[in-house]
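Everything on this sheet refers to the single structure shown next.
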Amino acid sequence: MALLPILKYPDPRLREVAKPVAVVDDGVRRLVDDMLETMYAQEGVGLAATQVDVHRRVIVMDTSSERNRPVVLINPQLTARSEELGFSEEGCLSVPATFERIARHERVTVQALDREGQPFELQAEGLSAVCVQHEMDHLDGKVFVEYLSPLKRDRIRTRMLKRARETQRA
Ligand code: NI
């Protein structure tokens, strides 16, 4: 397994729309395992392949407090969502040190393939539902800061660019 570098907002590659996985083979499983290792190492609750510059529809997540319940979603499709919305603070490994309140559907149902390529259905609510929607946005080239006002988003963008310049200089 290997730790993968994570693209940071506003990297234009985060805007790419990911393509479906044709076959869940060993290459896809290796990607899944590397993404899980990277997510756990960074203490994230979810990671989309887009964030590691692989533009395929693959998501890993773990919203358990024990960090021992990995969920793998390959080619996820949203099949139902509650009308009810809920607000929660979201963060993202591609936008470090930034937490903002975002509205999401309280409950969602997703159909996907697992690490073995078997179809399954996930009924998600609470943090898990937030995570599913956040990560599926990544696959469509959308980062959560895009839900914010242009002013707030520009401020985050400026801060991230400054941070990137400082990292480069260091
Ligand atoms: Ni994210």
Exercise. Only one of these conditions is not met by Asp62: (1) within 16 Å of the ligand (Cβ to nearest atom); (2) touching a residue at least 40 places away in the same chain (Cβ under 8 Å). Which number is it?
Worked result: (2)
Exercise. Which one of these is within 15 Å of the ligand (Cβ to nearest atom) and surrounded by fewer than 16 Cβ atoms within 10 Å (Cβ to Cβ): Glu135, Glu146, Glu121?
Worked result: Glu146
For this session: Could you figure out which of (1) away from the ligand (no atom under 13 Å from the Cβ); (2) of a type in the set (Val, Ile, Thr); (3) in contact with a Gly (Cβ under 9 Å, 6 or more places away or on another chain) isn't true of Val110?
Result: (3)
For this session: State whether the residues of the stretch 70-91 include one that is closer than 13 Å to His138 by Cβ and away from the ligand (no atom under 13 Å from the Cβ).
Result: yes
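Quick check on my filter: what residues within the stretch 104-118 are surrounded by 12 or more Cβ atoms within 10 Å (Cβ to Cβ) and either hydrophobic (A, V, I, L, M, F, W, C) or closer than 13 Å to Leu73 by Cβ (or both)? Spell out how you get there, then give the answer.
Just the residues of the stretch 104-118 that are surrounded by 12 or more Cβ atoms within 10 Å (Cβ to Cβ), to begin with: 104-115, 117.
Correct list: Val108, Thr109, Val110, Gln111, Ala112, Leu113, Asp114, Arg115, Gly117.
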Exercise. Would you pick out the residues in the stretch 47-98 that are within 15 Å of Lys8 (Cα to Cα) and part of a strand (DSSP E or B)?
Worked result: Leu47, Ala48, Gly91, Cys92, Val95, Pro96, Ala97, Thr98
For this session: Inspect all residues belonging to the stretch 19-38 and state whether any of them is more than 14 Å from the chain's Cα centre (by Cα), closer than 15 Å to Gln133 by Cβ and away from the ligand (no atom under 16 Å from the Cβ).
Result: no
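No lab work stands behind these numbers, since they all come straight from the coordinates. Treat the numbers as computed from the prediction; the structure is a model and nothing was measured. Every residue, glycine among them, receives a Cβ derived from its backbone with ideal geometry; neighbour counts consider all protein chains shown.
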